[in-house]
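Quick notes on the structure that follows.
The numbers here are math on the coordinates, done by the rules we state, and not lab data. Bear in mind that the values here come from a model prediction, so they are computed numbers and not experimental data. So basically every Cβ, Gly included, is an ideal-geometry build from the backbone, and we count neighbours across all protein chains shown.
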Amino acid sequence: MTAGNASRIGLRLLLGGLFLYAGVPKILDPVGFAGNVAAYRLLPYFYDYVVAAVFPWLEVTCGILLVIGLRVRAAAMLLLLLDLVFIGVISSAIVRGLDIDCGCFRPGGGSASPWMALGRDLLILCLAAVVFWQADDSGMRRHPARWPLLMFRS
Amino acid sequence: MAVIAALALFVGVVWNRTLLRDAWRGNPVSGGAGSVPTLEGVQPLPLGLMQAKEFFDRREATFVDARDSEAFSRGRIAGARSLPVAKLGPGLGRFRQTVPLSSLIVVYCTGFSCQDSRTVAEKLQRTGYATVYVYEGGFPEWQAAGYPVAKGGLDDRR
């Protein structure tokens, strides 16, 4: 394995692991996460719950795909778009002067201010972009042990 | 990419179908598929500023202040009842005598990082109150929005 390959795999696992770490607690506490979403005061009441129901599953699905190395470009692109949404939402909270917990990692917690969350999301955005540009999904077909995973491809 | 997004959407909606159904109907929210239940399997519903103000304007809810009595005296949502988390034992008995179990309750404390409102709300649910909300923005958000507040040591029933 070359240094380039090791770095590529390391960044992919880091991004995947990060979103698994972020998504699983939200799946386990959707009500708490809905409270975090409601705190941004952007959506009608019911849609806070729709976001709380769907977004964590998107994070975890993409995280799993990145960790197992399947559909890496698509997963990285989805996370990149998701991160852009987060950045937009957090920026709006800063502009409106809302001092709220971002709800990024631990639902219902009080761990990260909007400014801290914005800086973190910008770093994650860069990481997702690097993983996206480095990804080469065609390599999947050269590994017979992974062929069963190809059935999940679109 | 669309397949991944559709898959996540489908699984998320199916996994949280009970939560979404309850939220759609405006009921207190049952625990999601993997969430930790309270004794009754129901968690207090988080409430935003706009919904809290709607309840306030329509006089539909009894607002409960979970902060200590000193903070309550310095300023509170107009009409709120004091039920400090530290004095839940004796306070709850008096509260139960004057507020019917069928009442809609909104509990608040000092904002998003404060857990006292959730503690009091869960206790009220265990006491038998069926519809209990936690207004997570709490008094700081309410006051910053310029909504009605009161000061002094007594409950000011509206």
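Calculated FRET efficiency, B:F10 to A:A129, Cβ-Cβ distance, R0 = 22 Å: about 0.20 to the nearest 0.05. Residue by residue along A:39-51, Cβ atoms of other protein chains within 10 Å of the local Cβ number 4 on average. As a calculated quantity, the FRET efficiency between A:N5 and A:I87 at R0 = 30 Å, using C-beta atoms, amounts to about 0.50. Would you list, by chain and number, the aspartates and glutamates whose Cα falls below 16 Å from the Cα of B:K151, excluding same-chain residues fewer than 8 positions away? The reachable aspartates and glutamates, counting only those whose Cα sits under 16 Å from B:K151, are B:D65, B:D68, B:E70. Bridgeable lysines around B:K87 (alpha carbons under 18 Å apart, same-chain partners fewer than 8 residues away excluded): B:K123. Each of A:I64 and A:L43 was given a label point 7 Å from its Cα along the Cα-to-Cβ line. The distance between the two points is 2.1 nm. Peptide A:54-61 is shielded by partner chain Cβ atoms: per residue, an average of 6 of them sit within 10 Å of its Cβ.
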